[in-house]
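The values are calculated or read from the model by the stated rules, or taken from the named source; none is laboratory data. This one's a predicted model, so the numbers in the text were calculated from it and none came from an experiment. Neighbour counts run over all protein chains shown; Cβ positions are idealised from the backbone, glycine included. For accessibility, only protein heavy atoms count, side chains too; no ligands or nucleic acids. Shrake-Rupley method; radii C 1.70, N 1.55, O 1.52, S 1.80 Å.
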Amino acid sequence: MSGLLFRDAEIAGRERTHVRVAGGRITEAGPHLTPGRRDEVVECRGGALLPGLWDHHVHLHAMWASRRSVRCGPPEVEGRDALAAALHAAVPDERGWVRGVGYSESVADDLDAAGLDALRADVPVRIQHRSGALWMLNSAAARAAGLASGHHPGIERDANGSPTGRLWRADDWLRTRLPAARPPDLGAIGAELARYGITGVTDATPDLAAGTIAAFERGALRQRVHLLGMPLDARDPVHPRVTTGPYKIVLADSGLPSLDDLSGRIRQAHERGRAVAVHCVTREALLLLLAALGTAGVRDGDRIEHAALVPAETIGELARLGLRVVTQPGFIADRGDDYVRDVPAGEHDDLYRCRRLADAGVPVGLSSDAPYGPLDPWTVIGAAVRRRTRSGAIVGAGEAISARAALRSYLSPPGDPGGRVRRVRPGAVADLVLLHVPLAEALRSPDAGAVRRTVVAGGGDDDDEE
């Protein structure tokens, strides 16, 4: 098969025409096109043909691990008894461990080794907090990982110096203490992304190991991948669908760096020709970052990841510095009731801002933060429009944006999140998503069910065409 002919497709929400794809690119568009001898013809019947969606912040390997883990938080698990039942029902993996994800303190308060032992103690158990920043191990897991003799600053210890079973931002260290696991099936993750119309992602995992980078370069994931975690001294990726993005810096809630240290890291990245992408979820972290950028200077492409709390008085400074924000309004839908309960009412408008940032001229890229937030971009688009929690509460109504504006963010390229929109036009790379319905209809009630077919670089997929 030499190419694709999309016949009677709606383009840009207005024109209905034919589009030809060959050699991984859009080669022609117009009502006069006829099928070539070896073309596959796709009858669009007025369905929208869009550039493929780009999720500007995900964690691909964590997504794979999450799909093989037991859910330990809401809405699937509510309360201590439900958590105990879920852990006892879980089958240990090939290493003999039970791995849990998505934990929230609303389920069974703060958990440590003793608390987990009361829930399940016969096998090693480790549970990840839904923020991704904390692991909680039962006593069997703590012994197997050697916490007592460990030397990582994230190992929490009690007054006697004994490990509590809680580890903060110690993923890489913990991984070295676990038995080897089978490599992730990125092909399965790619199929999941395709069902939502996603043709590219920005992987935001920091400090990627050489083996992880090599896995991306083998091309097991058909989507394009923009890597924030490429080390500053690493060579550029060799696979044509893998690119290097800004350099990821994490401002951990559990221990912010000094101003000099952060400024130095930013300068180091800039000197290597890289912008920075800074994980920033608290007011204190944002103020520290703005001060550091004032000292180190700003490079085009510098961006703030999450921007979970943005006080109104900082918006003008974000715009003045030319920063971008990559944020996740899907968290409002996923865990907004916790924000209503735990975040002071006066700060609710500061949560996962969209409209006021955009109105001030700050480019806003939407994303999922999967697996920690909902992957489905249509769910995120709906959350950006409605700002509604599971219980129906509205959080930051003034930050709502239109569904069209939210979709435009997903259509912006990896190097310009929230900026210019990619177009379906001759010469463009054929990363495309075909919808069952016209764009206006899809945006009235955003739903992944509207996705009919996803194409990366002109290739096929396994989705149902009808």
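A compact table of results
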{"quantity": "Anisotropy class of the stretch 358-420 from Cα gyration tensor, a/c 1.5 cut", "calculated": "oblate"}
{"quantity": "Solvent-accessible heavy-atom area per residue, rounded to whole Å², over the stretch 318-384 at 1.4 Å", "calculated": "31 Å²"}
{"quantity": "Cβ-placed point charges (K, R +1; D, E -1), dipole of the stretch 1-142 about Cα centre in debye, nearest 20", "calculated": "700 debye"}
{"quantity": "Centroid-to-centroid separation of the stretch 77-108 and the stretch 144-175 [C-alpha atoms, Å]", "calculated": "20 Å"}
{"quantity": "Size of charge dipole - the chain - debye, nearest 20, with Cβ of Lys, Arg +1 and Asp, Glu -1, no other charges", "calculated": "1140 debye"}
{"quantity": "Solvent-accessible area, 1.4 Å probe, carbon plus sulfur percent, for the stretch 380-465", "calculated": "47 percent"}
{"quantity": "For the stretch 183-233: accessible area per residue (Å², 1.4 Å)", "calculated": "33 Å²"}
{"quantity": "Among 16-27, 300-311, the order from most to least packed when residues are scored by Cβ within 10 Å on average", "calculated": "300-311, 16-27"}
{"quantity": "Carbon + sulfur, % of accessible area of the stretch 1-45 - ligands and nucleic acids excluded, 1.4 Å", "calculated": "46 percent"}
{"quantity": "Residue (of ALA90, ALA48, TYR339) at the positive-pole extreme of the chain, dipole from beta-carbon charges", "calculated": "ALA48"}
{"quantity": "Point-to-point label distance, GLU15-HIS152, nm (Cα→Cβ direction, 7 Å offset)", "calculated": "5.4 nm"}
{"quantity": "Listed peptides 421-433, 189-201, 353-365 by packing density, highest first (mean Cβ within 10 Å)", "calculated": "189-201, 353-365, 421-433"}
{"quantity": "Protection proxy ranking of 172-178, 319-325 - average other beta-carbon atoms within 10 Å, highest first", "calculated": "319-325, 172-178"}
{"quantity": "Exposure ranking of HIS61, HIS436 by accessible area [1.4 Å probe, largest first]", "calculated": "HIS436, HIS61"}
{"quantity": "Point-charge dipole on Cβ atoms (K/R +1, D/E -1) for the stretch 252-294, about Cα centre, debye to 20", "calculated": "200 debye"}
{"quantity": "Relative contact order for the stretch 198-337, counting Cα pairs under 8 Å that sit 6 or more residues apart, in percent", "calculated": "17 percent"}
{"quantity": "Antiparallel %, DSSP beta bridges [both residues in the chain], to 5", "calculated": "45 percent"}
{"quantity": "Integer Hz, Karplus 6.51/-1.76/1.60 couplings in order for the stretch 18-30, x for Gly and Pro", "calculated": "9, 9, 9, 10, 7, x, x, 9, 6, 9, 8, 8, x"}
{"quantity": "From the coordinates shown, Rg/Rh (Cα atoms, Kirkwood Rh) corresponds to which of (i) 0.98; (ii) 1.69; (iii) 1.04", "calculated": "(i)"}
{"quantity": "C-alpha center-to-center spacing [the stretch 186-258, the stretch 283-351] in angstrom", "calculated": "23 Å"}
{"quantity": "Solvent-accessible area, 1.4 Å probe, carbon plus sulfur percent, for the stretch 160-238", "calculated": "51 percent"}
{"quantity": "Of PRO311, GLY255, VAL278, farthest towards positive along the dipole that unit charges on Lys, Arg, Asp, Glu beta carbons give the stretch 224-317", "calculated": "VAL278"}
